[in-house]
Each structure stands twice: as structure tokens, then as C-alpha cells.
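Asker: Here you go, one structure.
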Amino acid sequence: MASASRLLHVATSSGYRESGISVSGLQSPAEKILLAVRTTAIRVDVPLGIRDPETPRIRLFGVTDGFLLSVLDIVNDKFMENDARKVKLVQKFRQMRIEEQSRRNVETKDERRKRKRAEGLGLQATKINNQHTEQSDQQLEESFFEDEMELDIYDTLHSD
């Protein structure tokens, strides 16, 4: 419903004043939310004649070619306004989508805390592992030198 409400706001602010939301099956598993984007801004009512009640004919009002051309210009202007309204609507929908995606990519405080904790624990484990490796290497070197010294002492003692 929140998404439909945001979309409705975009539609009405783009000039689609007659848009609305319809909900069927409220609070049921089959609940459906329908957003209707519509406008009657392009509507033009121009009476050009009237049906004669006595005969099946239509009596035209005294419209001139100039009048019809003026009406045609008005209608074309309305179509151009409608095209501009559609472009504005699409642009606003795209902008809303971009903004929502960027908000989703933002890390919450709790997510950041957990990520930083995991990174810190990983670094700590790496340091501890490196310390153990250094200690093991140092112990190996010390034992190697001790073995060499023992051999030297042994050789010295047994050479006489």
C-alpha cells in the first residue's frame, strides 16, 4: 500500500489528478491493490450539432471552417500538453526508482555495527594467527641453533 501511495503522489503531481487507488479483498490472502493513473484534462466537449427529435437527422449548428480549425488547434494543444504530462510522469517514476534504490543501498546503523564487528574479529584472528606463526618460526630457528651448538659441543668433546 505504501508503494501505491508513493506512485499515486507521483501521478497526481505530474498532472494526473483523477488517479486513485483501489483495494479489493482487504486483509485477505487475495488482497489486490490497483493504482489507476488517469486524467480527463484532454477532454474537449464541443457541440457541433443536435439530433432533431422529429427526424433521424442531425442539425448542425452554424459552425464555420474557421471555428472548426480553432477547435482543432485547441485539441492539438491539449494532445501536446498530454504528451508533456506523460514525459513528466515517466521522469518522476524513474527518479523515484533511483532514489529508492539508493536508499536500499544505504547501510543501517545495526548493519554497519555487525559488519565492523565481523571485520574486527577477522583482523584479530589474522593477528593472532600471524603471532603464532612468528612464534613457531622463532622456536624452529632457536631449536636449529641449539642443535648446531650441541653438535659443536659434541664434536669438541669427542674430538680429543
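Asker: Of the residues Arg59, Arg103, which is in contact with a Gly (Cβ under 7 Å, 6 or more places away or on another chain) and loosely packed, with under 10 Cβ neighbours inside 10 Å?
Answerer: Arg59
Asker: Sticking with this one: Can you find a residue in the stretch 66-76 that is part of a loop (DSSP other than H, G, I, E, B) and without any contact (Cβ under 8 Å) to a residue 60 or more places away in the chain?
Answerer: Scanning the stretch 66-76 turns up no residue that is part of a loop (DSSP other than H, G, I, E, B) and without any contact (Cβ under 8 Å) to a residue 60 or more places away in the chain.
Asker: Still on this structure: Give me the pairs, please: first residue somewhere in the stretch 8-33 and touching a residue at least 12 places away in the same chain (Cβ under 8 Å), second residue anywhere and assigned to a loop (DSSP other than H, G, I, E, B) and of a type in the set (Val, Ile, Thr), beta-carbon distance under 7 Å, and either six or more positions apart or on two chains.
Answerer: From the stretch 8-33, the pairs are Ala11/Val37; Gly15/Thr39; Tyr16/Val37; Tyr16/Thr39; Arg17/Thr39; Glu18/Thr39; Glu18/Thr40; Ser19/Val37.
Asker: Scan the stretch 91-104 and give yes if some residue there is β-branched (Val, Ile, Thr), under 30 Å from Ala4 (Cα atoms) and at pLDDT below 85, otherwise no.
Answerer: Yes; the residues of the stretch 91-104 include at least one that is β-branched (Val, Ile, Thr), under 30 Å from Ala4 (Cα atoms) and at pLDDT below 85.
Asker: Looking at the stretch 1-53, what strands (runs of 3 or more DSSP E) fall wholly within it and have at least 1 residues that are among the hydrophobic types (A, V, I, L, M, F, W, C) and more than 27 Å from the chain's Cα centre (by Cα)?
Answerer: Fully inside the stretch 1-53 and qualifying: 49-51.
Asker: Might you check whether a residue that is in the same structural domain as Glu99 (by TED's automatic domain parsing), under 27 Å from Glu100 (Cα atoms) and surrounded by 12 or more Cβ atoms within 10 Å (Cβ to Cβ) occurs anywhere in the stretch 22-34?
Answerer: Yes, that holds for at least one residue.
Asker: Among (1) farther than 24 Å from Arg94 by Cα; (2) surrounded by 13 or more Cβ atoms within 10 Å (Cβ to Cβ), which single condition is Thr12 missing?
Answerer: Going through the list (1) farther than 24 Å from Arg94 by Cα; (2) surrounded by 13 or more Cβ atoms within 10 Å (Cβ to Cβ), Thr12 breaks only (1).
Asker: Residues that are of a type in the set (Phe, Trp, Tyr) and in a helix (DSSP H, G or I): does the stretch 56-65 have at least one?
Answerer: No, because not a single residue in the stretch 56-65 is of a type in the set (Phe, Trp, Tyr) and in a helix (DSSP H, G or I).
Asker: What is the number of the single condition among (1) of a type in the set (D, E, K, R); (2) assigned to a helix (DSSP H, G or I); (3) closer than 30 Å to Leu8 by Cα that Lys114 does not meet?
Answerer: Looking at each condition in turn, Lys114 falls short on (3).
The values are calculated or read from the model by the stated rules, or taken from the named source; none is laboratory data. Values in this document were obtained by computation on a predicted structure and should not be read as measured data. In this analysis, Cβ positions are derived from the backbone assuming ideal geometry, glycine residues included, and neighbour counts consider all displayed protein chains.
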